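Just so it is clear, none of the values below were taken in a lab; they were calculated from the coordinates. Worth saying up front: this structure is predicted, and the values here are computed from it rather than measured. Counting neighbours? That spans all protein chains shown, and the Cβs are built from the backbone with ideal geometry, glycine included.
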Amino acid sequence: MSTDKKALLDELQQAVIEGDEEGAKAITQKCLDAGIPPLETVEIGLRDGLRIVGEKFEKLELFLPDMIMAADAGNEVMKLLEPAIGASNLQASSPGTVIVGAAKGDIHTIGKNILIMLFKLAGFKVHDLGEDVSATTFLEEARKLNADIIAISSLMTSTMPCQREVINLLKDVNERDKFKVMVGGAPVTQQWADQIGADGYAETAGGGVTLALKLVAQK
Ligand code: B12
């Protein structure tokens, strides 16, 4: 990575960490003007910045209001990047239908919303179930919308069991083969996905879309 690019992305991380909305917006614009691919700005400037916020929160170096301000700054960054991402990724045909939700008990939505945006850009029909979604709701909505894929986002270890619950529920009602289940979110790993019998896991939203395209091709 060039020094200029790294310096800009570092600056953006810092603005997000400080919850400096105006600063974060100005630096994001500079990243766009410098031609940094917007998805790189999302993953390095925004996601890694928020990851550091999480680490500082855990070490009691930052508190809940700081985390809220960082999330607000992150949302402003996304507002600026979204059109730029759209311009470089548009596709015509629809590969399938996806329902996306944050697991029961989880109100973290920034990553889920990025995933939704990228699904839309790849042409998927996307239904956002929002946050705090129970296993039963995932099942009911998947049936109702005749979804190809159920994508579940968990940002907390305490909400990861909901991902397993969805898979077990599908097995209980003999509908496990009807839907592909994808899991993700910061604490989720491939190992966890294998353990609960998910069809796939991706570390990033971009990786999630690539995976979804593979999963619908297998159906
Ligand atoms: C911002 C934030 C908040 C904001 C959320 C605002 C919002 N509207 O989303 C607020 C302030 C509200 C908040 C609240 C809380 N939070 Co919080 N939060 C964070 C923080 C700092 C960043 C999350 C984020 O947005 N990241 C940026 C996005 C872009 O990244 P991402 O979500 O990981 O998504 C990427 C990928 O994972 C992937 N992805 C995401 N979902 C999916 C799904 C699929 C299927 C796929 C394929 C991919 C995928 O795509 C994205 C782009 O690549 C994290 C730290 C961290 N490490 O994540 C803590 C963190 C998640 N929070 C934490 C905690 C403890 C809380 C609270 C309990 C605090 C409290 N005492 O009240 C509450 C709980 C709220 C609840 N019930 O859910 C802990 C969880 C610890 C744990 N046990 O696991 C963390 C890890 C911080 C920490 N280290 O302590 N939080």
Seminar exercise, completed: Of 101-112, 163-174, ordering from highest average Cβ density within 10 Å down gives 101-112, 163-174
Exercise. Is the shape of segment 101-219 best called rounded, prolate or oblate, per the rule: a/c under 1.5 gives rounded, else a/b larger than b/c gives prolate, else oblate, with a ≥ b ≥ c the square roots of the Cα gyration tensor eigenvalues?
Worked result: rounded
Seminar exercise, completed: Any residue on another chain or 5+ positions along whose placed amide H is under 5 Å from the amide H of A102 is listed here as G130, E131, D132, V133, S153
Problem set entry | Count, lysine Cα pairs under 13 Å in segment 1-135, 8 or more residues apart or across chains | 4
Seminar exercise, completed: For G200, the residues 5 or more places away or on another chain with a placed amide H closer than 5 Å to its own amide H are V181, V183
Seminar exercise, completed: In order over segment 209-216: 3J(HN,Hα) from phi, Karplus 6.51/-1.76/1.60, θ = phi - 60°, whole Hz, x for each Gly or Pro, gives 5, 4, 5, 4, 4, 5, 5, 5
Exercise. In whole Hz, what ³J(HN,Hα) sequence does segment 38-50 give by Karplus (6.51, -1.76, 1.60; θ = phi - 60°), x for Gly and Pro?
Worked result: x, 5, 5, 5, 4, 6, 8, x, 8, 5, 5, x, 5
Exercise. Using the Cα gyration tensor of segment 17-62, with a ≥ b ≥ c the square roots of its eigenvalues, what is the shape: rounded (a/c below 1.5), prolate (a/b larger than b/c) or oblate (neither)?
Worked result: oblate
Exercise. If all Cα-Cα distances of segment 3-89 are sorted into 5 Å bins from 0 onward, what percent lands in each bin, rounded to whole numbers?
Worked result: 3, 17, 29, 24, 15, 8, 3, 1, 0
Problem set entry | For the chain: relative contact order, % (alpha-carbon pairs under 8 angstrom, 6 or more apart) | 16 percent
Exercise. Using helices alone, what [θ] at 222 nm do you get for the chain, with -39,500 (n - 2.57) per DSSP H run of 4 or more residues, divided over all residues and rounded to the nearest 500?
Worked result: -17500 deg cm²/dmol
Exercise. What angle, in degrees between 0 and 90 and rounded to the nearest 10, separates the Cα long axis of helix 64-89 from the longest principal axis of the Cα atoms of the chain?
Worked result: 80 degrees
Exercise. Can you give the Kirkwood hydrodynamic radius of the chain from its Cα pairs, in Å with one decimal?
Worked result: 17.9 Å
For this session: For segment 97-218, calculate the relative contact order in percent as a whole number, restricting contacts to Cα pairs under 8 Å that are 6 or more residues apart.
Result: 27 percent
